[in-house]
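Everything below concerns the one structure shown next.
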Amino acid sequence: MPKEVTDVICPFCGTLCDDLIITVSDDNKTILGVKNACAIGAEKFNHQRLPGRVKRPRMRQADGTYKEITYDEAIDWTAKMLVKSRKTLMYGWASTSCQAMSIGHEIAEKVGGIVDNCATVCHGSSLIAIEDVGVPSCTLGEIKNRADCVIFWGCNPAHAHPRHMSRYSIFPRGFFTVKGHKGRKIYAVDCRYTDTAKCADEFIQVQQGFDYELLNAFRTAVRGDALPDTVGGVPKEKIYEIAEAFKTARFGIIFFGMGLTHTMGRNHNIDIAINLTRDMNEYTKFAIMAMRGHWNVTGSGQVLGWQYGFPYAVDLSRRDQARHQTGETTSVDLLNRSEVEACFYIATDPGAHFPVDAMISSSRKPTVTIDPHINCTTEISDIHIPVAMVGVETGGCAYRMDNVPIETRKVVEPPEGMLTDEELLTKINKRVDELMAKGGA
Amino acid sequence: MSEYIIKNGHVFDATQGIKGDKKDICVKDGKIVDKVGSSAKVIDAKDKTVMAGALEVHAHVAGPKVNAGRWYRPEDKHFDSHKKPGITRIEGGKSIPTVFKTGYEYARLGFTFAMEAAMPPLYARHVHEEIHDTPIIDEAALPVFGNNWFVMEYIKNNEIENTAAYIAWILRQTKGYGIKCVNPGGTEAWAWGLNCLTIHDQVPYFEITPAEIITGLIKANEYLGLPHSFHIHQNDLGNPGNYKTTIDSLKLAEGIKATNNFGREQVMHSTHLQFHAYKGTNWGDFESGAKEVMDYVNKQKNLTIDTGNVTLDETTTMTADGPFEHHLHGLNHLKWFNVDVELETAAGIVPFIYDPNNAVFASQWAVGLEIALYAKDPMRCFITTDHPNAGPFTRYPRVYSWLMSKKVRDERLNTFKKADKVIAATNLANIDREITLYELSQMTRAGPAKCLGLSKDYGGLKPGMNADIAIYNINPDKFPSSGAEIEKAFANVAYLFKDGKICVEGGKVVDMGKKNTFWVDAKVPENKQVMHDIREKFLRYYSVNEANYPVPESYAPHQHIISVDATTKA
């Protein structure tokens, strides 16, 4: 008899929905159905049973083809690469558990690695802004229960965080928000008319690259100071009107995404958005939140935070001190300058997201990629080590975009003999110890 | 397990009334014993001071706001991030050290237990992840209840049993230790940008006052018979004139008797009292109210307090008192971090520089010392820095030097840029008392152990107690006279034993020991009403499912569960 596993956590995006119901075959091996998930989340679970999944490590041959090798061989090769390299980029971590990260960091400390996560090409600019000016924020339940003014700025949850709007931000009825979306005023600020904008009461089309100016104009308007006739393509009357609406809201929230972090101004855009939020707290209650992408990129920042004190791009190559400097210890810059001697990728696909030059540099170095699936990065790696899917075939802790930790669940068994990230990293760690005890690779 | 005998040391132990006499301490199987065999390893403690491992009663060392403080302050790593000798991981940070550094530094100072002072239940998993990664020291965490919707609704209806049943449920879900209350009502008001500054202000919507919340939570604590008492960060923290509100809150404990099986006598622990003992009406006419507050504490036996000593450093303030951090940010304009937590609490963070050239900060420094020096019963007054709020815990040795030497303290006081103003606004210059080593052992060992309900195993050197022992390079007969010497002696133990194992030797970490996570399992009669309310609130108002709320066992691999039974109370 197939059975249902309830309260399952979706390992796709930073929304970290925890109400999925997964139907599993009697032998605990196959996922038969997914309920409550969005299309992307459902696909993540359905992937588990797709034919053609790589089940054993593969090593690239001289002719470019891949040959199956054993886990032991792959572990030995990886450990030797790590011990030999004086500076290894250890990038990814956003789709694995915090427990696995912890083991990875231990390895990095021993071999002199640089641990970086996807924030480096995503919300890294938000983190820089927060390092500069702080951030007034809240948990997603606060928005559900209190927010009557919701602003989506440069983000498109309708596509990137599909259940965000129904679970937390637009539609849910909460304790002080019994009317659901009818009691909320929704604003979308974007240079395009997105599907999220379609759900908004008010769409404010900002001229591309003028987010900073428009945010600045809102700060000015809130203080009642003078504005030019238009700012970023928005007439000043509109800006004054909306600023007044923000001030009279009971609880406002700004959600922002790549439209702010990766357009002209980058961290400065976030900086001023945070400052607007801060200003608003002189009049009413206001919060701001980054729409984090990968389901556990937030977790990587947290674990790095409590172990080393920085949220991403942590250089442990000095072995006695952790360093973090954007532009210096960040992955893309390291690769562009060809500053690392080997690459160790886990639970993320830089091949799909990094600039081409960085990946060309990466492809010339010894590379190991640990990922359940074939992706752009596995195809330029010397070794691809497949692992169980975290959140599907093994559990582990993850942090939601509001930093709330949730323990993901194992719903099915991984393919026979397949290691989890934790098991694999533990074995690599052990092999590194053996090699270092012997004095090197 | 190895046996040890610590010979010829000057022993200070309040649980046995030993005041510096030379006495051998024997260790076997992780406990202190009467005697050991002839093969026991001998530790020569001649001309050294031997005390039990110290206990931290209130510090912010693990969890979401501590970690936000770490990662949003990269500059804090620049102050002190050097690896010290020993088998340690990379250490980083000064006011908010990384978890590794936190464990090592407490051990180097002679501590073996630390209480994380504020755990938001929704973030309990995070707190335990950090506790799990903090080496050597035993830890526990206090979930916050003072602004919790369930608690406010039950107390408003005068339902103490339901309040207690809900608290018992939360302690089990979060692996929590007791009842923490931060700015009762004020933090819920902060969710609308408001605050409660006196204990009679109404909490918006919930129609309850801080006074009612405090009284209700004390009663629930005694109904359950928890090892620790109700632990409060009071309303109106850090404002001139707040000493009246402080005494008003303390008075709420009058007439309530402690009910428990752990030897605890207090029903209220009022934390970082320094921040709550100010007179005056503004920062211009600000004065110390330490005497007034401590006069009350001294005569009211069912209270304990900790000091919250300002150490005059650049540090990072962090508290579940959300409105206070917003207010503080308005004063110093440094970066402000805030998180409001659904149905439960909030937290704020602001970096802070206690500049000794500023008369107010120097006066706060004096108020903190006055609190400890006015305390008549060292078993009820504990030394803290409310780490990292008034300063980092790594400054304890310096705080001890100010408390133990009038000369050292006066040197500091008289060399403030605005010394005259500080002396006029405080009473410190007129206090001659010097805390003795024996009193220090009460204020940092026996006292906090008793207050936390841990006096069976911690805080003393009686046979049968945990072999948690700190040996300092201090000869009580030739007590160091300079501040620097006192500091140095307390900053690096000669030896630290944790559960009978040497973890620090000569200031060097040599072993990670066996770390325990403490939590309290309170059994209550089956309560259908509370279980119904929990189910309903999770279905309707929380953003996580009830089934994903509890902290799994794996987060506390070495858990020490203290059970209390309140099932017979119904």
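A short reminder: the numbers here are calculations on the coordinates, not readings from a lab. All figures in this text were calculated on a predicted structure; none of them were measured in a lab. Backbone-built Cβ (ideal geometry, glycine too); neighbour counts: all protein chains shown.
Computed values, structure above
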item	result
Placed amide H near A:Ala37: partners under 5 Å, 5+ positions off or other chain	A:Ile21
Set A:Lys84/B:Lys515; B:Lys23/B:Lys515; A:Lys110/B:Lys508 screened for pairs whose C-alpha atoms are more than 31 Å apart	A:Lys84/B:Lys515
Surrounding net charge for B:Ser229, when Lys and Arg each add one and Asp and Glu each subtract one, Cβ distance under 15 Å	+3
Net charge, B:Met268 excluded, C-beta distance under 13 Å - Lys, Arg +1, Asp, Glu -1	+2
√(5λ) per eigenvalue of the Cα gyration tensor, chain A, largest first, Å	41, 26, 17
Of B:Lys46/B:Lys478; A:Lys35/A:Lys410; B:Lys175/B:Lys456, pairs whose Cα-Cα distance is over 19 Å	B:Lys175/B:Lys456
Ellipticity estimate at 222 nm from DSSP helix runs (n ≥ 4, -39,500 (n - 2.57)) divided over chain B, nearest 500	-9000 deg cm²/dmol
Gyration tensor verdict on the stretch B:134-189 (Cα atoms; rounded if a/c is under 1.5, prolate if a/b is larger than b/c, oblate otherwise)	oblate
Placed amide H near A:Gly396: partners under 5 Å, 5+ positions off or other chain	A:Thr408
Order of B:Lys83, B:Lys498 - criterion: other Cβ atoms within 10 Å of each residue's Cβ, fewest first	B:Lys83, B:Lys498
Positive minus negative residues near A:Cys13 (Lys, Arg vs Asp, Glu; Cβ under 14 Å)	+2
Residue (of A:Ala226, A:Ala108, A:Met359) at the positive-pole extreme of chain A, dipole from beta-carbon charges	A:Ala226
Long-range lysine pairs (8 or more apart or interchain), the stretch B:252-355, Cα under 25 Å	7
Over the stretch B:213-281, equivalent-ellipsoid semi-axes from the Cα gyration tensor in Å	26, 11, 9
Among B:Tyr296, A:Gln321, B:His560 the positive-end extreme of the charge dipole of the protein assembly as shown (Cβ point charges)	B:His560
Length-normalised contact order of chain B in % [C-alpha pairs under 8 Å, at least 6 apart]	20 percent
In Hz, Karplus ³J(HN,Hα) per residue of the stretch A:412-419 (6.51, -1.76, 1.60; θ = phi - 60°; x = Gly, Pro)	9, 6, x, x, 4, x, 7, 8
All Cα pairs of the stretch A:3-47, percent lying beyond 17 Å	24 percent
For chain A: relative contact order, % (alpha-carbon pairs under 8 angstrom, 6 or more apart)	24 percent
Kirkwood-based Rg to Rh ratio, chain B, C-alpha trace	0.95
Tensor-based shape of the stretch A:286-380 (alpha-carbon gyration tensor, a/c under 1.5 rounded, otherwise prolate or oblate)	oblate
Residue-by-residue Karplus 3J(HN,Hα) for the stretch B:522-532, coefficients 6.51, -1.76, 1.60, Hz, glycine and proline x	9, 8, 10, x, 3, 10, 5, 4, 5, 5, 5
Extreme residue, positive dipole direction of the stretch B:378-441, given options B:Asn414, B:Phe382, B:Tyr438 (C-beta unit charges)	B:Asn414
For the stretch A:124-290: rounded, prolate or oblate by the Cα gyration tensor [a/c cutoff 1.5]	rounded
Gyration tensor over alpha-carbon atoms, the protein assembly as shown, equivalent ellipsoid semi-axes in Å	45, 36, 28
Across A:Lys427/B:Lys31; B:Lys156/B:Lys180; B:Lys65/B:Lys569, pairs whose alpha-carbon gap is larger than 27 Å	A:Lys427/B:Lys31; B:Lys65/B:Lys569
Percent RCO, i.e. relative contact order, over the stretch B:144-451, from Cα pairs under 8 Å lying at least 6 residues apart	16 percent
Test item: Cα-centred dipole of chain B, Lys/Arg +1 and Asp/Glu -1 on Cβ, debye	1420 debye
Candidate aspartates and glutamates - alpha carbon under 17 Å from A:Lys438, same-chain residues fewer than 8 apart omitted	A:Asp76
Rounded to the nearest 20 debye, dipole of chain A from Cβ charges on Lys, Arg, Asp, Glu	440 debye
Residues with amide H under 5 Å from that of B:Ala59, placed H, sequence gap 5 or more	B:Met115, B:Ala117
Residue exposure sequence - B:Cys381, A:Cys38 - by fewest surrounding Cβ within 10 Å	A:Cys38, B:Cys381
Principal axis dimensions, largest first and in whole angstrom, of the stretch B:377-433 by Cα	30, 26, 19
Theoretical ellipticity at 222 nm over chain A - DSSP helices of four or more residues, -39500 (n - 2.57) apiece, nearest 500	-10000 deg cm²/dmol
Other protein chain Cβ atoms within 10 Å, averaged over every residue that makes up A:140-152	3
Dipole magnitude of the stretch A:337-441, debye to nearest 20 (Cβ charges: Lys/Arg +1, Asp/Glu -1, about Cα centre)	220 debye
